[in-house]
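Chemist: Have a look at this one before I ask anything.
No value in this document is a laboratory result; all are computed from the given coordinates. What you see is a predicted model; the values in this text were computed from it and never measured. So basically every Cβ, Gly included, is an ideal-geometry build from the backbone, and we count neighbours across all protein chains shown.
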Amino acid sequence: MTTAAQTQPKPVPEPDESSQEFFDGAKRGELMLSQCNECKAWLHPAAPVCTECMGNDLGWAKASGRGTVFTFGVMHQFYHPGFTHELPYNVAIVELEEGPRLNSNLVNIANEEIKVGMPVKATFVDQGGGVFIPKFEPA
Amino acid sequence: MTTNMSGKTAIAGLGITEMTREYIGTTEQVAVQAIRMAIEDAGLAKDDIDGLLVNAGVTNDISIGLQKTAGFRNLRLMNHMNAAGSTAGQMVHYAALAIEAGMANAVVCVFADTPLRGGSAGAAYGQIRNTRGMAGMGPAYGFFGANTGYALAARRHMATYGTTHDQLGAIAVSNRKWAEKNPRAMQRKPMTLEDYHNSRWIIEPFHLFDCTLVSNGAVALIVTSAERARSLKQPPAYILGMGQGHPGNPGRAGFENEMNTGAQIARGTAFGMAGIDNSDVDVCEFYDCYTYTTLVTLEDYGFAPKGEGGAFVQNGRIEPGGELPVNTGGGQLSGYYMWGMTPLSEGIIQARGQGGDRQVEKHDCVLVSMQGGLLDFHATLILSPHASNN
């Protein structure tokens, strides 16, 4: 059944100068994260300077895409028409093997089956308009 | 050389407008109304005010322009301060320091917000502010408002320490019991633990009754020297201790900022200045945007070991008549949501002994905590009807 709500798009992030590599990587199926060229700290979300050494020589590196569920929630509250037909949907923070934590959604799993600490891996989903974003599924 | 600030300054005036979901004027109008009430409460005249510190809420529509709006013409101190929900505490800290340094005599600190303008209560808090670059990632995944971040933090605590919904619910029920005794509280209908469990999900693990309500209104207070306060109309709420803590969550492996607040940093400074320990604290007024915030704050001030905040709040311990009264006005959950001014205003009322039906009998030492961001910013005040802890 198609409803008016289902035709509403979800918010699509607009890649900008500081995040282009991340979105380009996602389109290729790679999890690209910002990394400090000086002290090698991973920086996610991409930052204008290194939060550790305060340098500004930043680059990008490919992360494994493997991690664990740090925490999660199941959203029941309506905020945006793009999510109406998915309520209740999960939101999760995934801790990558490399250390950074990403906000994301878990896919290919029922909300009731999600556990803190479970291993997951990245998969890349078209959010609309050809902008891909990483989501995570059981590993 | 350091000077002990303890007991050198006091809060001498308090103005609280109506707390409501209804429209009661623009943010500027309610801000000035609260300032006027605070000046009258203290028994001061408008011309006595020589300092103004401003904190805007989510609507962000008051700032230093308030000086002209309210017609202050001889200020010696002014600023618009922003450390999110903890700002109320910081305003008092800097006002007290300025007074002790001789830069001002009577400083008004004001918070005002009018986010309820028809529509959903949380609408102002759930708005998408930016879809560019990395800032657009939250909305893309359906992360909206503060509810999401705090619910995920609570889940981490539940998964790590076995904290239960019965324990979170005990906090909501306690707040409501206090709110029943507070004529100013917005939710006063009795609530049972069963009512808590039956309230709808907002974002699991949070039910509706885990979350703050939202209010239109304003709170203003006046900080002055202890000596001056003694000559004014109200019993002084002396400032015995002040401290801040801002941990800065890096969001990566090895950090558990979702389960640890800036209270761990702020506590030592404030308790040290006041010369107190936990056993001296008679009343706690905590920033409680969510049930979980109260739980983790109790842990971080050392009232319960880390991970045992859930067990601590059960069996009526923080309720009226309990051994550690917490959020005696109903807090933000059942009272009113004026960011850090919610716990601070109730702390002043308790220190003065003006809490009516909800007044805690022994109120020599009132611990007030103000909390901002996602456990990112923290301010502590220790208030007392006595200028000294001894």
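Chemist: Over 29 Å between Cα atoms: which of A:Lys115/B:Lys306; A:Lys62/A:Lys115; A:Lys115/B:Lys181 fall into that group?
Modeler: Beyond 29 Å between Cα atoms: A:Lys115/B:Lys181.
Chemist: Let me ask something else about it. Relative contact order for chain B: what percent, with Cα pairs under 8 Å and sequence separation of 6 or more?
Modeler: It comes to 25 percent, rounded to a whole number.
Chemist: Still on this structure, I have one more. Quantify how much of the Cα-Cα distance distribution of chain A extends past 20 Å, in percent.
Modeler: Above the 20 Å cut-off, chain A has 52 percent of its Cα pairs.
Chemist: If you don't mind, another one. Arranged from highest to lowest average of other beta-carbon atoms within 10 Å per residue, in what order do the peptides B:317-327, B:65-75 appear?
Modeler: Packing order, densest peptide first, comes out as B:317-327, B:65-75.
Chemist: Given Cβ point charges of +1 (Lys, Arg) and -1 (Asp, Glu) and nothing else, what value in debye, to the nearest 20, does the dipole of segment B:9-158 about its Cα centre take?
Modeler: 680
Chemist: A:Glu52 to A:Lys40: extension gain in nm, 0.36 nm per residue of separation minus the Cα-Cα distance?
Modeler: Extra length available between A:Glu52 and A:Lys40 comes to 3.4 nm.
Chemist: Please get the size of the charge dipole for chain A, origin at its Cα centre, with Cβ charges of +1 on Lys and Arg and -1 on Asp and Glu, quoted in debye to the nearest 20.
Modeler: I would put it at about 340 debye.
Chemist: Please report, to two decimal places, log10 I(q)/I(0) for segment A:63-139 at q = 0.21 Å⁻¹ as given by the Debye formula with identical point scatterers on the Cα atoms and no solvent.
Modeler: -0.95
Chemist: Need the full-extension length gain, B:Leu193 to B:Glu18, defined as separation in residues times 0.36 nm minus the C-alpha distance. One decimal, nm.
Modeler: That works out to 60.1 nm of additional length.
Chemist: What is the average number of partner chain Cβ atoms found within 10 Å of a Cβ in A:15-24?
Modeler: Shielding by partners across A:15-24 averages 3.
Chemist: A further question follows. Cut-off 10 angstrom, C-alpha nodes, Gaussian network model of chain A. Which of A:Glu112, A:Glu95, A:Glu52 fluctuates the most?
Modeler: In this elastic network of chain A, the residue with the biggest mean-square fluctuation among A:Glu112, A:Glu95, A:Glu52 is A:Glu112.
Chemist: Is it possible to state the helix-based mean residue ellipticity at 222 nm for chain B, with each DSSP H run of 4+ residues giving -39500 (n - 2.57), the sum divided by total residues, to the nearest 500 deg cm²/dmol? What is it?
Modeler: -9500 deg cm²/dmol
Chemist: Most fluctuating residue of A:Asn111, A:Asn90, A:Asn56 in a GNM of chain A with Cα springs under 10 Å: which is it?
Modeler: So, out of A:Asn111, A:Asn90, A:Asn56, the one fluctuating most is A:Asn56.
Chemist: In addition: Which whole-angstrom value gives the distance between the alpha carbon centres of segment B:66-81 and segment B:326-380?
Modeler: If you average the Cα positions of each part, the centres end up 26 Å apart.
Chemist: Now for a separate question. Each label point is 7 Å from the Cα along the Cα-to-Cβ direction; what then is the distance between the points at B:Asn60 and B:Tyr125, in nm?
Modeler: Placing both labels 7 Å beyond Cα along the Cβ direction yields 1.7 nm.
Chemist: Determine the dipole magnitude for segment B:272-390: charges of +1 sit on the beta-carbon of Lys and Arg, -1 on that of Asp and Glu, nothing else is charged, the reference point is the Cα centre, and the result goes in debye to the nearest 20.
Modeler: 160
Chemist: I'd like the mean, over residues of A:103-113, of how many other protein chain beta carbons sit within 10 Å of each residue's own Cβ.
Modeler: 2
Chemist: Over the Cα atoms of the protein assembly as shown, what Rg and Dmax result, in angstrom?
Modeler: According to the Cα coordinates of the protein assembly as shown, Rg and Dmax are 23.7, 74 Å.
Chemist: Please give the residues of segment A:44-75, grouped as numeric ranges, whose backbone N is less than 17 Å from a label point set 7 Å along the Cα-to-Cβ vector of A:Asn111.
Modeler: Only A:71-75 pass the distance filter.
Chemist: Something else: Could you pull the Cα extents of chain B along its three principal axes, largest to smallest, in whole Å?
Modeler: That works out to 52, 47, 44 Å along the principal axes.
Chemist: Ordered by packing density, taken as the mean number of other Cβ atoms within 10 Å over each peptide's residues, highest first, how do B:162-170, B:104-112 rank?
Modeler: In descending order of packing, they fall as B:104-112, B:162-170.
Chemist: Could you work out the pair-distance distribution P(r) of segment B:1-95 from its alpha-carbon pairs, with 5 angstrom bin width and percents rounded to whole numbers?
Modeler: Reading the bins upward from 0: 3, 11, 20, 25, 22, 11, 5, 2, 1, 0, 0.
Chemist: Binning at 10 angstrom from zero up to the longest distance, how are the C-alpha pair distances of segment B:313-360 distributed in percent?
Modeler: Whole-percent P(r) values from 0 Å outward: 28, 54, 18.
Chemist: Okay, next question. Can you tell me the relative contact order of segment A:17-138? Whole percent, Cα pairs under 8 Å, sequence separation 6 or more.
Modeler: So the answer I get is 23 percent.
Chemist: Which whole number gives the average, over all residues in B:247-254, of C-beta atoms from other chains lying within 10 Å of the residue C-beta?
Modeler: Partner-chain Cβ atoms within 10 Å, mean over residues of B:247-254: 6.
Chemist: Return the aspartates and glutamates within reach of A:Lys10: Cα separation strictly under 13 angstrom, same-chain partners fewer than 8 residues apart disregarded; answer none if there are no such residues.
Modeler: A:Lys10 reaches A:Glu86, A:Asp126.
Chemist: How much of the DSSP bridge set in chain B is antiparallel, in percent, rounded to the nearest 5?
Modeler: Approximately 70 percent, going by the DSSP bridge assignments.
Chemist: Please order A:Cys53, B:Cys289 by the number of other Cβ within 10 Å, starting at the fewest.
Modeler: By the 10 Å Cβ count, ascending, the order reads A:Cys53, B:Cys289.
Chemist: Specify the residue with the greatest mean-square fluctuation among B:Met137, B:Met91, B:Met78, computed from a Gaussian network of chain B linking alpha-carbon atoms under 10 Å apart.
Modeler: Ranking B:Met137, B:Met91, B:Met78 by mean-square fluctuation puts B:Met137 first.
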